[in-house]
Structures are given as structure tokens and as C-alpha cells.
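Each remark here refers to the structure printed beneath this line.
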Amino acid sequence: MSEVKEKEPLFSAKNLKLLTEPIDSRNPVTVLVLGICSALAVTVKLKPAIVMALSVIVVTAFSNLIISLIRNSIPNRIRIIVQLVVISSLVILVDQILKAYVYDVSKQLSVFVGLIITNCIIMGRLEAFALGNKPWPSFLDGIGNGVGYGLILVIVAFFREFLGSGTIFNYRVIPIDWYIKNGGFYENNGMMILPPMALITVGIIIWIQRSRNRKLIED
Amino acid sequence: MKALRNYLDKIKPHFQKGGRFEMLHSTFDAFETFLFVPNTVTTKGSHIRDSLDLKRTMSIVIIALMPAMLFGMWNVGYQHALSIDAGWSFFETFWYGFLKVLPLIVVSYGVGLFIEFAFAQPRGHEVNEGFLVSGLLIPLIMPVGVPLWMLAIAVAFAVIIGKEVFGGTGYNVFNPALLARAFLFFAYPSHMSGDKVWIAGLTQGQGVVDGFSGATPLAKAAAYQIEQMPSVYDMFMGFIPGSVGETSTLAILIGAAILIVTGIGSWKIMVSVFGGGLAAGLLFNAFAVNPYMEISAWQHLIMGGFAFGAVFMATDPVSASQTEKGKWIYGFLVGFLALLVRVLNPAYPEGMMLAILLMNAFAPLIDYYVVEANIRRRMNRAKKVANV
């Protein structure tokens, strides 16, 4: 630590890597398999998924930042409880903001905003990264992981909303005349609304990612 | 026959290494081994190859399915004729059903085999013949009126998610045909359940006789209309509405006989599935708190897809238990659970599909404990001998 004397630029290659790696090769959902539960629960429609993704980005980034700032003064034996206090304060903040500005989405997300506290990604990043790194890299790492999580959420939600409801952002993509009840031939896929199909969609994303990036395949 | 063999031998070099169509090697291989028993000889060690390879096994299952399929075609026409009150001749009836069922079979095979070939080609595998049976089973467990594009999606889902992601034929955890049905059942429930879907042309409702209901015996039983259920003779022979191939217990039993005599299907699983169903039925009879529970236990065995599932689905050698003792446990639980779902869960009129899929998931666990128990027993015996 002490031998690094010259000042590192804010977006050095190393720091940029912190930002971009979690989006693909170290993606928290598809590679580390964290945060699956909320990925299944909030991805029926795109709008809540995006709000959820933004909330998680904010919470991971700032909890990483705060914990990293105070990392040298946290007694090791009670560090988990300190981390939880920080995370839950941030989550409450996010929850209040959502309630104030996007009330309907906040209703849809219901308990899952509160459950960001237990999202394994946040705790995992604090333990694995923020406790041993400086504030700025920790902040970037938080944003990177939040974005990596959010990206999967949005992809899954896109397919679930498109195939399950025939809409994208509540905007009708599949014409209403196509439906069987209006004399057409089409029907929404009811399975896409159910959580198992979200899991299968995540599985397919993992499949595609690993056949593209063979390094990720474990023996 | 000879000419065909000669022709195959003539074009074979083109498909081998360095030939013009090398990339289509597995396609050629699939057709060649389908038409002729391969003459592969092992060169090392003393292995004996049974001439009854996978393709021949599958062909026998197809033959065993024929009675159920042909009866299903006739029954589709018969039920339609009943619904519009037309006195059709045998040939008219069969022809109508044939035209209704044929597209289902063509779509099922077309989509499924296309995906199989598409996966086998780049992987350099030979094309597996597992789909030969699944492709015929799928149309037989569908309601006749299912839209073809839904069927195509379900087949694609079953082959890709149910089979290819696990590594292809022989590695699948779940029975692919049932997976296709389960997918449709949850994705498009309005086309897979209810009173209208089991009879061709009933959803359009043209010329349907007043008061005609397409309800299956299971739906009637679930609604406690026991006295309206068809006679035992009708249910056994199969003159009832239902999925294409599942109605006639008689035709299914002929298939079962073929499977058992040739040793392809496990009689242990078949017997224990029926046994499990009977046990659950008798248990219901003993409590009998509602009219559905009062119908005699053996009647359950000839309603709905129970017999079809027991003979053709539960015995799937890949997804069933492998150990002999495990087969008894597996089969018994399939039959027992099927009736539990059927009678106690009002949301699902038929429980066979869900019971078999559930037990598919448990089959490896059953095998594990059977093997462990055997090891422990032999260990104890060995210890006893050692101590004496």
C-alpha cells in the first residue's frame, strides 16, 4: 500500500476495469449467482425492474463508499452489524424517495425494496471489496456491480413483459387484434409471468454468455 | 432393400471426412443407422454388442403406440360427430380424425427433429433417436384443438430446455414429452383445460347440438356430477373426450403388452403405478368425505391419462428410476401422487403429468438410497461372516 506514492488518475485502467468487469465477466447475477431472488420477483414488467435496478445501484455504490471510508475504524468482530446499519439506512432513504416520487412503482415493488438490505450482492461487495480498498475504487465497484445486476434485470424483464404481456414499458407492441379473443391467433405466454420462467430466462442468459466467453465454464 | 443399401454405400464417401458434405455427416449417419442395423464391430476387448440398439428400441415403442394413436384418430372423429349429431360411417369418422391429428404429428416431428439435427451437427454427435418416440408421444397427450404454433413452441421448449441443455438423449432429468405438455399447460391454460378443448371444433361451436358438453369424465367427477360420468365400458374402450391418445385403456393395454413382451418397458413400473393408484383410491374410499372420493378405486385407473402415463410416460428408461427396487417405489409414488393431485387439488383435474414430472425429479434420489441400502446390507453381512 505505502509504496504507491504517485497519484492515480480518477479513471485509470484499473479503476475502469472495476466498472466494466461486473457487467460481463464478473457479473453478480450470471457469474457469481447472487441476487437471484429479486431478479425473479421484480422482472414481470420493465418499469419496476428499472426502478429496482437504479435503487440497487444507488445502495451498492454508496454503501461501498461509506464502509470504505470508515473501514479502518470498524472493529472486525462487529463489522457485519455495522455494514447492515449502513445498508439499511440507505435502503430506507431509497424507499422514502420512491414513495415520494414514483408511488405506483413503489407499490408494485412492495417488500422487495426493503429486501435490498438482504441482497447478497451488496453484502458480498462490502465484504469482498470495500473493506479492503480505498473509497473511490469502492464506489466504482459498487456502481459496476449495481449496473451488472440491473442489466440482467432489464434483459429478463424485457422478455418477460414482451412475451408475457405483449407490451414494452406498458406500451402495446403486439397488436390487440392478433389475440384469439379478438379473432386473431395469438395468445400471451402465461408461463412468462410465473417466476420459474424468469429462472429459465436467467439460465438461458448464462448459457449464451458462457458459450461466448469460454473462460467462464467451470469443470 | 438391396438397392437402397447399394445407394447408401455409393453416397457414403461424400459424407465422410474430406467428402463434399462432411458437415452433414451426422445427418447421413442418422438416416443410415435408422434404415439399417449398423454393422459396427468392437475391435478391442471382448464386448458383446446387442443388435437391439437404441433405434430399434425406439421403433418398438412406436409400434406399441400405434393402437392408441389409431384409436385416438378415430375417437377424435367420433367425438366430433357426437357433438354435431352426425351419423358418420367408420371411414368418415376415422378420416376426419386423421386429418385433425396428422398436422399435430407433422409439426411435432418437424420442429423437434429440426432442433435435434441443428444441435447434433455442430457438436459432431450422431443424431439421437430419442425424439422419435417423444415426437409421437407429444401429439398423443395434447388436446386435439391445440393451435399448431403453440405446439411448435412447446416442442422447441421441451427439446432445448428439457433435453439439449442437459446434454441430449439419455441425460434429460424430465420426460421431454411431458415437459412439452406442462409448458403448454402453464403457458396457455385456456387451450389445455376446460370443457371445450377436448373435442375438435367445439371452441368454434358451429352446429353443436344443444346441451352437448365436452367435459371429460375427470371434469365431471371433479364437479361431483358422478351420475353423469360415462359408463365403465365407455371409459375402458375410450369413447370419451380427452387428449388424443389417452382415452382408450384397451388400446393402451395392447401397447403395454407389446412393451412387456419385448422387454422394452418395465413391467415393474407399470404394475406399481397401477398399484399406487389403487392404494390411493382405496384410501379415498375409506374416508369418502365427498362424492369424488366415493367412486371406486379401480375406476380411477381408466379415467383421464392415468393408463397412458403409467404405460408410456412413467416407464421412460431415462427419467425413471434405474434400480429394480427403486422402480417399485418410483411407480407406486407416481400412481399415488397422481390421484392425490386429481382428487384433492381442485385446480388440476388431472394429476398424472405433474406426478410423473415430480417423481422424475426424485428418481435419482430413490436410486441413491436403494444403492446405499444395498451397500449397507452387504456390509453387515460381510461383518457378520468376518466375526464368526
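The values are calculated or read from the model by the stated rules, or taken from the named source; none is laboratory data. All values reported here derive from a predicted model rather than from experimental measurement. Because the Cβ atoms are built from the backbone with ideal geometry, glycine has one as well, and the counts that use them run over all protein chains shown.
Hey, which of the helices (runs of 4 or more DSSP H) in the range B:213-276, taking only ones fully inside, have at least 3 residues that are farther than 21 Å from B:Met192 by Cα? Give the derivation first.
Working: elements: B:217-222, B:232-237, B:249-262.
So the answer is B:232-237, B:249-262.
Identify all residues within the range A:108-150 that are over 17 Å from the mean Cα position of the chain (by Cα) and crowded, with 24+ Cβ neighbours inside 10 Å; write none if there are none.
Within the range A:108-150, A:Ala130 is the sole residue that qualifies.
Is there any pair linking a residue in the range B:225-241 that is more than 19 Å from B:Ala81 (Cα to Cα) and of a type outside the set (S, T, N, Q) to one that is surrounded by fewer than 19 Cβ atoms within 10 Å (Cβ to Cβ) and at pLDDT below 85, with Cβ under 7 Å and at least six apart or on different chains, and which?
What qualifies is B:Ile226/B:Pro291.
Out of the helices (runs of 4 or more DSSP H) lying entirely within the range B:102-190, which hold 1 or more residues that are without any contact (Cβ under 8 Å) to a residue 12 or more places away in the chain and of a type in the set (Phe, Trp, Tyr)?
Working: elements: B:130-140, B:148-162, B:176-187.
Of the helices (runs of 4 or more DSSP H) lying wholly inside the range B:102-190, those with at least 1 residues that are without any contact (Cβ under 8 Å) to a residue 12 or more places away in the chain and of a type in the set (Phe, Trp, Tyr) span B:148-162, B:176-187.
Given the criteria surrounded by fewer than 16 Cβ atoms within 10 Å (Cβ to Cβ), among the β-branched types (Val, Ile, Thr) and over 21 Å from A:Asn27 (Cα atoms), does A:Val85 qualify?
So A:Val85 fits the description; yes.
State whether the residues of the range A:162-169 include one that is within 14 Å of another protein chain (Cβ to nearest Cβ), modelled with pLDDT under 85 and not in a helix (DSSP H, G or I).
For the range A:162-169, residues within 14 Å of another protein chain (Cβ to nearest Cβ), modelled with pLDDT under 85 and not in a helix (DSSP H, G or I): absent.
Given the criteria within 13 Å of chain B (Cβ to nearest Cβ), closer than 17 Å to A:Lys45 by Cβ, out of contact with any Phe, Trp or Tyr (no Cβ under 8 Å at 6 or more places or on another chain) and touching a residue at least 60 places away in the same chain (Cβ under 8 Å), does A:Gly150 qualify? Quick ask: steps written out before the conclusion?
Working: within 13 Å of chain B (Cβ to nearest Cβ): no; closer than 17 Å to A:Lys45 by Cβ: yes; out of contact with any Phe, Trp or Tyr (no Cβ under 8 Å at 6 or more places or on another chain): yes; touching a residue at least 60 places away in the same chain (Cβ under 8 Å): yes.
Considered against the rule, which asks whether it is within 13 Å of chain B (Cβ to nearest Cβ), closer than 17 Å to A:Lys45 by Cβ, out of contact with any Phe, Trp or Tyr (no Cβ under 8 Å at 6 or more places or on another chain) and touching a residue at least 60 places away in the same chain (Cβ under 8 Å), A:Gly150 comes out as no.
Here are some residues: A:Arg210, A:Arg214. Which one is within 12 Å of chain B (Cβ to nearest Cβ), more than 19 Å from B:Ala154 (Cβ to Cβ) and without any contact (Cβ under 8 Å) to a residue 12 or more places away in the chain?
Details: A:Arg214 fails: within 12 Å of chain B (Cβ to nearest Cβ).
When all the criteria are applied, what remains is A:Arg210.
How about the range B:98-132: which of its residues are under 28 Å from B:Gly77 (Cβ atoms) and modelled with pLDDT under 90?
Once the filter is applied, which keeps residues that are under 28 Å from B:Gly77 (Cβ atoms) and modelled with pLDDT under 90, the range B:98-132 yields B:Leu113, B:Phe131, B:Leu132.
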